[in-house]
Structure formats: structure tokens, C-alpha cells
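Single-structure report; data block below.
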Amino acid sequence: MTTVLLTGFEPFGGDPANPSGDAVRAVESTWEGPESLVVDILPVTFAGAAARLRALIDAHRPDLVVATGLAGGRAAVGVERIAVNLVDARIPDNAGAQPVDEPSIAGAPAAAFSTLPVKAIAAAIRAAGIPAEVSHTAGTFVCNHVFFTALDAVSAGVPAGFLHVPWATGQAPATPGRERAPELPAADTAEAVRIAIRTTLAAASSADIRADADLPGGTLH
């Protein structure tokens, strides 16, 4: 049976919720298969998240890995294209660690590309009426660290990648003197994650597991 590993994150920095964790639990609660779905909530810590992800991959040997995380301030679901081998924490993680200018994995390449069909996923999410875009940076915090770790940890030929999601409606923190950050209904975020899984599985069933949509997805700056 095909096994899909889907992860989100716990709340961070005193926030009451993390929409990525809520989304993957919502997908789990309505999953009808036929694939086996393994869902887990990762800690927002550099050491703990990477170790937990590797343990999950070792235990379940998934055929697809989709990791998700919050990108507060973004207005669209970001289908990440590039993971960089860099940890540069502007703020501490939930364990208080704040590494600066360290590699995610010592001796590994400087960067790695998602093996999900990122353009096809973004297009499919938009076709469902949900804002989405191909993103070329996952930052240098725990989300990117997990993204890079996933690409390193999976077996050859197993697609893996990362989605950044906006705040859920009503969850964006209010900052005095500033507009509230963009939000997306929680149901839309969960649907975007489902679409990412289904689009990747469809591509994986084709002759070319890395097949992607022939669409422009670059940026000018």
C-alpha cells in the first residue's frame, strides 16, 4: 500500500495555534485513502524536528513526504521549490536554540530542489479557488531545516517537499498600528494540502515521477 507522510508544526512563540498543524489534522480526519496516511505534528525546534522527521521516515518508509509550516504574513499557500543548507535563526526556536550560519546537514550540497511537481500543485490549488504560488525561499528557520532534512532522508525516487501556509482566519496576531496579517480559511488550507498530495500522487503514477506543469513560475526579484 502507498504510504503518505504528512507533517505540520506545533504552535510557536506563544501562539495559541499553528495553522499547519491544524490543517494536517483536518486532512487526517477526512482521509478516505486508498493510501495509508501518516500524520505527525513536529516540534518547532531545530534538533527535535529533524530527528522526529527522520524517525518517521525510517519507521514508515513513505512513498511521499509532504511537510507543512506557517509563513505568517503570506497571503497565499507557498509551494516551496528550493531548500537551502543553511540555518540562520533570527529568533530562538521553542527550545531557546538560535543557531547562526550553520548547515542543516554538514557536508551536504548548498541547496536541493523539491521533488514535488511544484508548478502543477500551485496551479491545481489556484484552480480550486485558493490562492497559491511557487515560492523560491522557505527562509532559514525550522521550516527550511525540515524541508532540507526531508529531501536528504527519503529514499531515492521518493517525492518530498514543503508547503508554507498563511495564518488561518482569526488567528493572525494583531499588532497595534499595523494591519492584520493576511489570513486564509482553515478549510481552504486543508484542501490545499489535500490537493498537493493528490497532484503529486497523480504525477508519481506517470512515467516520469518528477513530471511538472510546463508553466512559468519564476520571479524577477
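The values are calculated or read from the model by the stated rules, or taken from the named source; none is laboratory data. Since the structure is predicted, the reported quantities are computational estimates derived from the model, not experimental observations. Cβ placement follows ideal geometry from the backbone for every residue including glycine, while neighbour counts extend to all protein chains displayed.
Scanning region 9-33 for residues that are at pLDDT 95 or above, part of a loop (DSSP other than H, G, I, E, B) and either over 13 Å from residue 194 (Cα atoms) or of a type in the set (S, T, N, Q) (or both) yields 10, 11, 18. In region 117-138, the qualifying residues are those that are part of a helix (DSSP H, G or I) and among the small types (Gly, Ala, Ser), and the one that is surrounded by the most Cβ atoms within 10 Å (Cβ to Cβ) is 122.
When residue 180 is tested against (1) part of a loop (DSSP other than H, G, I, E, B); (2) closer than 21 Å to residue 53 by Cα; (3) not hydrophobic (A, V, I, L, M, F, W, C), just one condition goes unmet, and that condition is (2). In the set (1) part of a loop (DSSP other than H, G, I, E, B); (2) within 13 Å of the chain's Cα centre (by Cα); (3) charged (D, E, K, R), the condition left unmet by residue 40 is number (1). Across region 186-210, the qualifying residues are those that are surrounded by fewer than 14 Cβ atoms within 10 Å (Cβ to Cβ) and not in a helix (DSSP H, G or I), and the one among them that is modelled with the highest pLDDT is 205. Among the residues of region 92-116, those that are in contact with a strand residue (DSSP E or B) (Cβ under 9 Å, 6 or more places away or on another chain), part of a loop (DSSP other than H, G, I, E, B) and within 19 Å of residue 49 (Cα to Cα) comprise 99, 100, 101, 103, 104, 114.
Total residues in region 139-154 satisfying the condition of being in contact (Cβ under 8 Å) with a residue 60 or more places away in the chain and either in a helix (DSSP H, G or I) or under 18 Å from residue 217 (Cβ atoms) (or both): the figure is 11. For region 69-88, the tally of residues that are more than 15 Å from the chain's Cα centre (by Cα) and either of a type in the set (D, E, K, R) or more than 21 Å from residue 17 (Cα to Cα) (or both) stands at 4.
Residues that are out of contact with any His (no Cβ under 8 Å at 6 or more places or on another chain) and touching a residue at least 60 places away in the same chain (Cβ under 8 Å) do occur in region 105-116. State whether the residues of region 34-42 include one that is within 23 Å of residue 158 (Cα to Cα), surrounded by fewer than 24 Cβ atoms within 10 Å (Cβ to Cβ) and out of contact with any strand residue (DSSP E or B) (no Cβ under 6 Å at 6 or more places or on another chain). Yes, region 34-42 has at least one match.
Close Cβ contacts (under 7 Å, 6 or more residues apart or on different chains) running from residues in region 21-41 that are in contact (Cβ under 8 Å) with a residue 40 or more places away in the chain to residues that are of a type in the set (Val, Ile, Thr) and outside any strand (DSSP E or B) comprise 23/189; 23/193; 24/193; 27/193; 35/2. Closer than 20 Å to residue 199 by Cβ and not in a strand (DSSP E or B) - does that describe any residue in region 82-89? No, region 82-89 contains no residue that is closer than 20 Å to residue 199 by Cβ and not in a strand (DSSP E or B).
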